[in-house]
1. Mean 1/r over all different Cα pairs, inverted: what Kirkwood radius does the chain give, in Å?
2. Arranged by the count of other C-beta atoms within 10 angstrom, fewest first, what order do I267, I3 take?
3. What does the range 13-160 give for Rg and for Dmax, in Å, if only its C-alpha atoms count?
4. Once you list every other residue whose beta carbon is under 14 Å from the beta carbon of N16, what net charge do they have if Lys and Arg are +1 and Asp and Glu are -1?
5. Semi-axes of the equivalent ellipsoid of the range 228-350: what are they in whole Å, largest first, if each equals the square root of 5 times a C-alpha gyration tensor eigenvalue?
6. Can you tell me what share of the DSSP beta bridges in the chain is antiparallel? A percent to the nearest 5 is fine.
7. Which whole-angstrom value gives the distance between the alpha carbon centres of the range 348-422 and the range 92-121?
8. Spin-label point model (7 Å from Cα, Cβ direction): what's the L191 to A274 distance in nm?
Amino acid sequence: MTIVGLDDGRTIVPDNRWDLVGSTSSRPLVSVVIPYYEQTHQLSLVLEALTAQTYPPDRLEVVVADDGSRVPPDVSAWTSRLTITVVRQEDRGFRAAAARNLGVAASNGSVLCFLDADTVPTAGYISHMVRLAAAAPDVLVVGRRKHGDLSQVEPRSVVEWLSAQRHLEVAHDHEPEWLVNAYDRTANLLLPGWDGYKYMISAVMSCSRELFDDVGGFDPSFVGYGGEDWEFANRAFMMGAVFVHEPDAVAWHDGPDWAERAVPERISEKNAEALALAPLITDPAARTAGLLYPIPDIVVLVSTDGHTAASLLHTVGSALRGSDAAAWLVGDDAETLVAQLGVRDSRIRIGGPDASTLSRCRFVVEVAGPVVFSADSLALLATRVAPGEGGQVTVDFGGLRPASVTLTASRARHRVRRWAEHTDLGADELLRRLFGVRTVRCDDVGIGVGGCEPALAW
C-alpha cells in the first residue's frame, strides 16, 4: 500500500495511515460551525476564544447555527474581530444534527471545524485541527475534549483562563478516562478497528468539505441528545474516511462528561440512543442478535445469469444463513426467478441496493454462478478486509465451473470511487495501492460450486 498524490498537492493515504501525511503550508479557509440553543454566556466564551486563535484570522469564518432559540444569539460584540454569520432553524426539539448541516450550508470554507457552543477552544485549536484536514481530504479529525466549570469565567478573561490551564494540555486531568484509554489503545486512532466511530465527538471534530458532502452530512432525523456523531462517524468510515485523533487540539467543555451524570438518567438516555442507532450502524455490537434490520452488515449482489430457480435458491439461501446479510438479485430474469422460489423473505430483494444501504454496510459481496457458501464463509472473507488487513478479497475456484465471488470493504469501494477520476490510476490500481487486494482458495473459506439444476427433493 502506498500514498497517492493529487494534482493540488494533497494526499490520499492508504487504509487509515494518517501518519504518512506530510506537512503542508496550505492555509485554507476554515469554517467553524457552532450549533447553539440559548447558551448566551457559553457562546460568548467560545467566540472570544476564537478571536485569539493562532490560525490566520483572515482565513477563518464562524457560522452560528441557532436551533430555534426564543431570542437569537447576539454576536455584535465580535463582528469587528471575526467574520460571523448567524443562521436559524425552527425549534422542533434538540436538533443539533440538522443545525450543523444548516451551518455548513451557510459556510464557505474548504475545511469544516465543528465546535459546540459550550466547548471553548485553546489558542492553537484550529491550527491543530486543520493541519491534516488541509493535507489529506479523507481525514475525519477528533480533537481533545477536557471538562471544567466555566460558569464564572467572563468573556474578557477567558483567554487568560485558558492560559492558566495550559499546563493541563499535556496531561489527562479533566479528561474522560474512556476516551483517554481508547486513544491510547488505538494509537490516536491509527488502528481504529471497526468501533473507532465511538471515539469521534462532534463537539471537537473537523473534516474537509469534500468528505462532508460525499458522506451526506449529519442525519437530520436525530432529535435529542447524543448519537448523531456516532452515526455520522460510522457512515463516514464506511465511506472511506480516515480517523484521526489530534491530541494537541484541546478544547474545554463547560460542564462534566456525560458519563458523570446520574446512573438512571444515563441508562434511559443511552437506551434511546441505542434504539436510534441500531438500524443505521451495522456494527454487530450495536445490534440485537437474532433480529433483522433493514440495512444489513453484508450486501450480497447475486447475478441471476445462468441460474435456474433451484440453483438460485441454493446460492442465496447459503449466503444468508448465519450472517447479518441481505441479497440483491440482479438480472433480466430476477423477478421471474424470485417468483418461482415461492419464499417471502425480506432479505431477498430485486435490483440494486440504495445509496443509504451502500453508505452504511461494511461489506459488498459480488456473486456469479451457482456458488454455495458454508455457514461461516462470509465471516471468513470479511476477516481479510478488516481495517489494516486489505480492501478486497477474491475467491479462486481453481478451474471449477464458471463462478466468481469477490468481497470488498465498503470503505475501500467508496474511497476509490471518490478519487478514481482525480488520478491517472484506474480504479483497480487505486484499490490495490490504497487498501490491497488478496486472493483465497475456495476450499479455505468453505465455498463450493453446485449444479445448475441441484436436486431439491427430500
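1. Computed over Cα pairs of the chain, the Kirkwood hydrodynamic radius comes out at 23.7 Å.
2. I267, I3
3. Answer for the range 13-160, Rg first and Dmax second: 15.5, 48 Å.
4. -2
5. Listed largest to smallest, the semi-axes of the range 228-350 are 42, 18, 10 Å.
6. DSSP beta bridges in the chain are roughly 35 percent antiparallel.
7. Computed from Cα coordinates, the inter-centre distance equals 35 Å.
8. Computed distance between label sites L191 and A274 equals 2.8 nm.
Throughout, read-outs are computed from the coordinates displayed, never taken from laboratory work. Since we're looking at a predicted model, the values are computed, not measured. In this analysis, Cβ positions are derived from the backbone assuming ideal geometry, glycine residues included, and neighbour counts consider all displayed protein chains.
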